Amino acid sequence: QQKVQQSPESLIVPEGAMTSLNCTFSDSASQYFAWYRQHSGKAPKALMSIFSNGEKEEGRFTIHLNKASLHFSLHIRDSQPSDSALYLCAVSRGSALGRLHFGAGTQLIVIP
Amino acid sequence: EAAVTQSPRNKVTVTGGNVTLSCRQTNSHNYMYWYRQDTGHGLRLIHYSYGAGNLQIGDVPDGYKATRTTQEDFFLLLELASPSQTSLYFCASTAGGSGNTLYFGEGSRLIVV
């Protein structure tokens with residue numbers, strides 16, 4: 001069964017800093033990789049996703065994927081207090097089944 | 001944006017009690033899921049469904065039943081609730097396909113005393 005692990009468990013950064021969150025997975029057949037963000041007391045919401053090796057940038061957010069290393073990461077440039085949330089990484093085989101396997105999450109706090 | 005509505009939002013029941021959590025999505029999505037969220041475990045899949053009348057077992061199904069009555073409605077049933085089922089439950093839906101973006105409801109917090 002797919003195992004998805006995130007590091008660190010929690011992170012405190014000052015406003016304006018670069019934040020890096022990590023995710024490792026165990027199933028080498030994984031095809032779809034995503035990050036979800038969950039603000040306190042709210043539902044998780046999809047942030048961004050990637051299929052192919054390399055990186056993808058959307059605004060202040062960048063995903064790096066290295067399938068051979070079974071690792072992907074999320075980088076947040078110019079972190080803002082509004083970025084404070086629980087970040088969940090998710091992995092699937094990318095089929096129509098839609099079974100995403102989630103990590104336990106990284107709690108990010110951005111201090112003004 | 002996709003709309004997923006859960007009820008009740010909060011529920012307290014006693015050990016051995018009977019609980020039904022409801023989920024409705026109005027996005028014409030085929031796939032619906034029930035997850036539970038516990039500190040240190042992230043989101044764990046309980047049951048899911050590909051369409052009305054279909055039911056698939058997830059990763060932590062023990063103690064739970066589910067039923068998909070229509071394309072819109074997916075129910076999670078706890079027939080003999082136990083304290084270990086105290087958790088935050090999320091319903092989600094997706095149109096399916098390789099994109100797999102899940103749209104979550106706001107969650108149902110269940111406490112079993």
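On a per residue basis, the protein assembly as shown carries 45 Å² of accessible surface, using protein heavy atoms and a 1.4 Å probe.
Given +1 on the Cβ of Lys and Arg, -1 on the Cβ of Asp and Glu, and no further charges, what dipole in debye does the range A:24-112 carry about its Cα centre, rounded to the nearest 20?
220
Annotation note: GluC sites (Glu not before Pro) in the range B:48-113 located in DSSP loop regions with a Cβ neighbour count of at most 15 within 10 Å are B:E79, B:E106.
With a 1.4 angstrom probe, the accessible area lost at the A-B interface totals about 1900 Å².
Near the amide H of B:G107, within less than 5 Å, lie the amide hydrogens of B:Q6, B:C91, all on another chain or at least 5 residues away, with H placed in the peptide plane. Centre-to-centre separation between the Cα atoms of the range B:56-113 and those of the range B:5-34: 6 Å. Shape of the range A:32-105 from the C-alpha gyration tensor: oblate (a/c of 1.5 or more and a/b not above b/c, with a ≥ b ≥ c the square roots of its eigenvalues). Put a plus charge on the Cβ of each Lys and Arg, a minus charge on the Cβ of each Asp and Glu, and nothing anywhere else: the dipole of chain B about its Cα centre is then about 140 debye.
Mean separation of Cα pairs under 8 Å and 6 or more residues apart, divided by the residue count, gives the range A:23-112 a relative contact order of 31 percent. The label point for B:T20 and the one for B:L88, both projected 7 Å from the Cα toward the Cβ, are 2.6 nm apart.
Considering only A:H39, A:L21, A:I76, the residue lying farthest towards the positive end of the dipole of the protein assembly as shown is A:H39, judged by Cα position with unit charges set on Cβ. Taking the Cα centre of the protein assembly as shown as origin and assigning +1 to Lys and Arg Cβ atoms and -1 to Asp and Glu Cβ atoms, the resulting dipole is close to 280 debye. Per-residue Karplus couplings for the range A:86-91, computed as 6.51 cos²θ - 1.76 cosθ + 1.60 with θ equal to phi - 60°, are listed in order as 8, 9, 10, 8, 9, 9 Hz, Gly and Pro entered as x. Computed 3J(HN,Hα) for the range A:70-76, one whole-Hz value per residue from the Karplus formula 6.51 cos²θ - 1.76 cosθ + 1.60 where θ = phi - 60°, is 6, 8, 9, 9, 10, 10, 10, glycine and proline marked x. Ranking B:S49, B:H29, B:G16 by Cα position along the charge dipole of chain B, where only Lys, Arg, Asp and Glu carry charges on their C-beta atoms, puts B:G16 farthest toward the positive end.
The values are calculated or read from the model by the stated rules, or taken from the named source; none is laboratory data. No experiment lies behind these values; they were computed from the predicted model shown. Glycine also receives a Cβ, built like all others from the backbone with ideal geometry; neighbour counts cover every protein chain displayed. Quick note on the areas: whole protein, heavy atoms, side chains included, nothing else; ligands and nucleic acids left out. Shrake-Rupley method; radii C 1.70, N 1.55, O 1.52, S 1.80 Å.
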